[in-house]
Amino acid sequence: MKDLIRIRDLAVRFYTYEGIVHAIDDLDLDIRQGETLGIVGETGSGKSMTALAILRLVPYPGRIESGSIVFFDKALGRELELLKLREGRMRAIRGNKISMVFQEPGAALNPVFTIGDQISEVYLLHRRQELGHRAKQRVDSLLKDGTGLAAGMRKPFWRWQHRLYNKIAQESNPVEPRLLSRLPLFRRLLWRLRDEANLLTVDILKDVEIPDPARVAAHYPHELSGGMKQRAVIAMALACSPELLIADEPTTSLDVTIQAQMLELFRRIKVDKGASVLFVTHNLGVAAEICDRVAVMYAGRLCEVAGVEEIFLHPLHPYTKALLDAVPMPGKELQTIPGVLADALNPPPGCRFHPRCPSALPMCQQERAKLKEVSKNHMVACHLF
Amino acid sequence: MELRSYIIRRLLLLIPVLFGVTVFIFGITMLFSPIERVSLYVTDARQFTNIPALIETYGLDQPFFVQYGNWISQVFSGNLGWSRVVGMPVWDAIWHFLPTTLELAMFATPIIILMGIFLGTQAAAHKDRPLDHGTRVMAIFGWSLPTFWLGLILLMVFYGYFRGLLPPSRLSVPMELVVHSADFIRYTHINTIDAILNLNGAVFLDALRHLVLPVITLTVVQVAFIMRLMRSSMLESLGKGYVLTARAKGLAERVVINKHARRNALIPVITVGGYLFAAMVNGVVITETIFTFKGIGWWAWQAAVRLDIASVLGFALFNAVLFVLVNLVVDILYTRVDPRVRLGGVMQ
Amino acid sequence: MSDWKLMVRQLVKNPLSLAGIIIIVIFAFIAIFAPLIAPTPEGHRDPYMIPRDGYSATPRPPSEEHIFGTTEGQYDIFYGVIWGTRSAFHVGLVVIGIVLVTGIVLGSLAGYFGGLVDEIIMRITDIFLAFPPLILAMAIVAAMGPSLKSVMIALTVVSWPSYARLIRGDILQVREEDYIEASRGIGASNFRVIIRHALPNAIYPTLVMASLDIGAIVLAAAALSFLGLGAPEGYADWGQLTSFARNWIVGSSTNPLKYWFAVTIPGLFILFFVMGWNLLGDAFRDILDPRLARR
């Protein structure tokens, strides 16, 4: 089976007032179909930036300097080089084939629009043809029925509506409806699209286990609790059944009990929707719970990638080992990783971790190690191997 | 219903404020002698012949609160005194001069709001690029312009240099005659509207021609203000999480800016709406004076220079009440736009 | 303290704020050295009254004797604008000074103590703010008789409420911070807490922004003088000078811009003075907002 995402030699740099920050350096990573890959690391490790880079949402003053991100579009059956796509085609992928869930659900939702509106927006954007088709069918059934006709509305009006929605359903960018949607007053004539989108919204809210979804959809974000908000955001991301769901620390801002529910939800999504998930987190426990494979990053570089059991039972990279050691356990003395986080502006030469590494070799100062497959499906970037 | 109780609550809170306003205004009048204060109570010029009797009647040598009581009851019965400078009761003067000012405001306000919001949004969307820098310099320049000087310069160029292209005053002499003739019905006393209602194109165009310069003078400073405010508000909005989410959904940049970011950015701008009104009144006084537009601003200036206190205070009172009402409207508008203010509480 | 150094450096780097600083420095220079730049003639009693060269109403164009020409009533424009700089600084600094002190005192009291004190002070500011500023200023000046002093009083009365509110807002924000609780926890008196802890942290930004409003104050004073409600006729005040030009906007039929100097020059002085402060203020606003400052 082809890999869903193949990242090679990715470099992302930030051109700031104080200097150039190497947020991501020389990254090689694969995401396989149907797997949940976790990226683990401290703040500044570049894990969030990797997620944003896939969607080409790296904020100013950052730039994707070089590298390649290949996405295998299952529906098209083709590979796409994401970094070379035109912006218009990239937009067709965002929210549709690859979607993202952010850390703070309260911040991610727009306070002036209802939940339902924000989710329907995705359907209206990416599933217009299907909405048109459904609307047309409803108009058809009304025409046949005869009783549903509003008093005073004549048949030609309904036939015109039918034609309109048929056009939307058939063509990819029909002229007449598009013109209509631009004119403020006439936009209302396409209200059936919105209705259909709202129905789909209620469905997806049901999928993420939000109780009484129709009522919730009519509410504003500030009226919902944290857990509900996050579910709504997840619903928004899952609306178009994406092939890849990127979750950037989705549980970090929630309290522990809600966290557990959220992870349960993610597990169900994995099973039901069959999507791949890229799960970014700094919490090793969460990663252990939910991921199939785990990648460890430090200072913009990949240290180790392996299956979840393998990496927790047999960590190879000194940084991974130190991270696992640092997890507090009752009865154990608290371990820390000595030294300070690598300076983003002036990172240490060679291997970025070497100043803090207990097993550093002299060559670690000069040369960085390349990612090597040490045992089956277990790759490390360290001179010790 | 929540909104209704909110409005009622706000209206109730207005009362102490309005009370304080009237006390304050009245306090200022006490700086004048009783003879001068007589004009606050008079409704007819002939009454001035017998001043001592008036002082007696209105108790102008009585203690403060008695006088205040007298005056307030006068005010409530619609008597704001006599305007010396225009020879009519203050109340009548206000309604006589208001249409002119309304005409100016009618044209200026939409321009200010639309241009300010548009330019501010564009400046924020193109931050640090030439458009942003350009609008910023323009804004600082506009904000530093003395309104009166701008008016004079505009007149000098467009009336003087271009030989009467854009003249001062509301209408040229021939059109004045038309407007005051029997054939022309002045429904609203706002020349442009009346011209449309009378289907008189010549008057309409003439009125417009006379409006160009005053409206420009009035709008330049305010546009600069709104634009800067909108820009910083937009920048704050664009930095928020929901903008990133909107982009991650695949929305076009134009939709992200205009739909998602701007709606939120408008919220602080709306709350400033009250101040816009105040700034307008400021500008109106100066503009009407320079261009000889006989509106309430012009009237207030005449009154202030000639120490006609009844007029000045009548104007101040009128303004204060209007201002407070405008703020109320702005507050209500604010609750409509920002759902967080309108509805509270968390559902499970 | 290094925060300030960084701020100053950023100000100097930004071309707009640098221009503002230069403009202000030039005006300060003019104000300080006014007697040298435009010496008061012998026997002239009040240096702030502009010397007149005759009594004819028609303005005379720039010449050797009168560098910027004379305006209606033969007042020397050059003298007027140079000494007008002094008036401008005088009015601006006095008003801002009083407004700041009043604003700080009342705002801190309202913000720190809250409750009834806060309510009362807020209602008072509401009342003042219910008036469009120019109207209130006009009323006060009309009541007290036109003079520069009444203008200053009027502007002070009109401006202090906004600053009181700003300071109050700052204090409210700061009040919740932990270090306030901490210092009260070790027994510091309320007064001490306000002066030493709350004020410095809360008000630096407001202080800075307020001082840069001096431009707006001078603009308002000029408007009042222009309307005849401020400085007396012949006083060296920019607004006053501009009002002379009202009758001379249109020159003769052959040369409509004949008296441009009477209109343009005093106004330009106002424009640049206010612009200098606004440029600086604008740059400061950007700096104080950390998100917009860097990058």
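Each residue, C:Ile67 and C:Leu93, gets one label point 7 Å from its Cα in the Cβ direction; the gap between the two is 2.2 nm.
Compute for segment A:235-296: radius of gyration divided by Kirkwood radius, i.e. Rg/Rh, restricted to C-alpha atoms, rounded to two decimals.
On the way: Rg = 11.3 Å, Rh = 12.1 Å.
Rg/Rh for segment A:235-296 comes to 0.93.
Over chain A, what is the relative contact order in whole percent, taking alpha-carbon pairs under 8 Å and six or more residues apart? Answer for chain A is 22 percent.
Normalise the Cα radius of gyration of segment C:65-168 by 2.2 N^0.38 Å (N = residues in it) and let me know the number.
On the way: Rg = 18.3 Å, N = 104, 2.2 N^0.38 = 12.8 Å.
Against the empirical 2.2 N^0.38 Å value, I get 1.42 for segment C:65-168.
Counting charges near A:Lys270 (Lys, Arg +1; Asp, Glu -1) among other residues having Cβ under 14 Å from its Cβ returns a value of -2.
Here the calculated FRET efficiency for A:Arg32 and C:Arg285, from their Cβ-Cβ distance with R0 = 51 Å, stands at 0.50, rounded to the nearest 0.05. Can you give me the C-alpha center-to-center distance between segment A:325-385 and segment B:81-146, rounded to a whole angstrom? Distance between centres, Cα-based: 63 Å. Between A:Thr251, A:Thr320, A:Thr336, the Gaussian network model of chain A with springs among Cα atoms under 10 angstrom shows the greatest mean-square fluctuation at A:Thr336.
Given a cut-off of 27 Å, name the pairs among A:Lys167/B:Lys249; A:Lys370/B:Lys240; B:Lys240/C:Lys5 whose C-alpha atoms lie farther apart than that in the structure shown. Show your work: numbers first, answer last.
Values: A:Lys167/B:Lys249 25 Å; A:Lys370/B:Lys240 38 Å; B:Lys240/C:Lys5 30 Å.
Cα-Cα > 27 Å for A:Lys370/B:Lys240; B:Lys240/C:Lys5; rest within.
Averaged across the residues of C:239-248, what count of C-beta atoms belonging to other chains lies within 10 Å of each residue's C-beta?
Details: counts 3, 0, 0, 4, 2, 0, 3, 6, 0, 3.
What the average comes to for C:239-248 is 2.
Other chains near C:218-231: what is the mean number of their Cβ atoms within 10 Å of each residue's Cβ? Let's see the in-between values first.
On the way: counts 1, 8, 2, 0, 4, 8, 2, 1, 8, 9, 5, 3, 0, 0.
Across the residues of C:218-231, the mean count of other-chain Cβ atoms within 10 Å is 4.
For chain B, which DSSP H helices look membrane-span-like by this rule: Cα extent along the axis of 15 Å or more and mean Kyte-Doolittle of at least 0.0? What comes out of the filter, once short or polar helices are dropped, is B:2-29, B:64-76, B:90-125, B:130-144, B:201-238, B:273-291, B:309-337.
Hey, quick one: spin label on C:Val25, modelled 7 Å out along Cα-Cβ, who in segment C:270-287 has an amide N within reach, i.e. under 19 Å? C:272-284, by backbone N distance to the label point. Overall dimensions of segment B:147-256, expressed as equivalent-ellipsoid semi-axes from the Cα gyration tensor (√(5λ), whole Å, largest first), are 44, 21, 11. For chain A, the spread of Cα positions along the three principal axes, ordered from largest to smallest, is 87, 45, 43 Å.
The calculated pair-distance distribution of segment B:95-222 uses every alpha carbon pair, bins of 5 angstrom beginning at 0, and gives 2, 10, 16, 17, 17, 14, 10, 7, 4, 2, 1, 0 percent.
Can you list the aspartates and glutamates whose alpha carbon is less than 12 Å from that of A:Lys376, not counting same-chain residues fewer than 8 positions off? The reachable aspartates and glutamates, counting only those whose Cα sits under 12 Å from A:Lys376, are A:Glu310.
According to the Cα gyration tensor, what semi-axes, each the square root of 5 times an eigenvalue, does the equivalent ellipsoid of segment B:86-147 have, listed from largest to smallest in whole Å? Don't jump to the answer; show the numbers that get you there.
Details: eigenvalues 293, 34, 7 Å².
Square roots of five times the eigenvalues give 38, 13, 6 Å.
The mean count of C-beta atoms from other chains within 10 Å of the C-beta of residues in B:297-306, rounded to a whole number, is 4. Taking segment B:277-300 and a reference point 7 angstrom along Cα→Cβ of B:Ile196, no backbone N atom is nearer than 18 Å. Just to confirm my numbers, what's the Cα centroid distance between segment C:1-41 and segment A:258-293 in Å? Measuring centre to centre over Cα atoms gives 60 Å.
Rounded, prolate or oblate: which fits segment A:287-385, taking a ≥ b ≥ c as square roots of the Cα gyration tensor eigenvalues, rounded meaning a/c under 1.5, else prolate when a/b beats b/c? Write down the numbers at each step before the final one.
Working: a/c = 1.82, a/b = 1.19, b/c = 1.53.
Because a/c hits 1.5 or more and a/b fails to exceed b/c, segment A:287-385 counts as oblate.
Quick one: grab the alpha carbon gyration tensor of segment A:69-144, order the square roots of its eigenvalues as a ≥ b ≥ c, and give me rounded if a/c is under 1.5, else prolate or oblate depending on whether a/b is larger than b/c. Oblate. Subtracting the Cα-Cα distance of C:Val12 and C:Val105 from 0.36 nm times their residue separation leaves 30.2 nm of extension gain. Projected label points at B:Ile8 and A:Trp191, each 7 Å from Cα along the beta carbon direction, are separated by 3.2 nanometres.
For segment A:21-108, the Kirkwood estimate of hydrodynamic radius, built from reciprocal distances between every pair of different alpha carbons, is 14.5 Å.
Rg of the Cα atoms in the protein assembly as shown, relative to 2.2 N^0.38 Å, amounts to 1.15.
Annotation: amide H of A:Met100 within the under-5 Å range of A:Gly95, A:Ile246, sequence separation 5 or more or interchain, hydrogens built in the peptide plane.
Taking a cut-off of 17 Å between Cα atoms, list the aspartates and glutamates near A:Lys229, but don't count ones fewer than 8 places away on the same chain. Within reach: A:Glu104, A:Asp117, A:Glu121, A:Asp203, A:Asp207, A:Glu209, A:Asp212, A:Asp248, A:Glu249, A:Asp255, A:Glu264. Is any residue of segment B:5-22 close enough, with backbone N under 14 Å, to a label point placed 7 angstrom from the Cα of C:Met122 along the Cα-Cβ axis, and if so, which? Flagged as within label range: B:10, B:13-14, B:17. For chain B, what does the alpha-carbon gyration tensor say about shape, rounded, prolate or oblate, given a ≥ b ≥ c as the root eigenvalues, a/c under 1.5 as rounded, and a/b over b/c as prolate? Oblate shape, in that a/c is at least 1.5 and b/c is the bigger or equal ratio.
What pairs from A:Lys74/A:Lys321; A:Lys270/A:Lys321; A:Lys144/B:Lys259; A:Lys84/A:Lys270 go past 31 Å between their alpha carbons? List each step's numbers first, then the result.
Working: A:Lys74/A:Lys321 37 Å; A:Lys270/A:Lys321 29 Å; A:Lys144/B:Lys259 38 Å; A:Lys84/A:Lys270 29 Å.
Beyond 31 Å between Cα atoms: A:Lys74/A:Lys321; A:Lys144/B:Lys259.
Quick one, can you get me the convex hull of the C-alpha atoms of segment B:116-189 expressed as volume per residue in Å³? Walk me through the numbers before you get to the answer.
Working: hull volume 11.0 nm³, N = 74.
Looking at segment B:116-189, the number lands at 149 Å³ per residue.
Quick note: the coordinates plus some simple rules give every number you see, no bench work behind them. For clarity, every value in this text was computed on a predicted model and none was experimentally measured. When we count neighbours, we look across all protein chains shown, and the Cβ atoms used for this are built from the backbone with ideal geometry, even at glycine.
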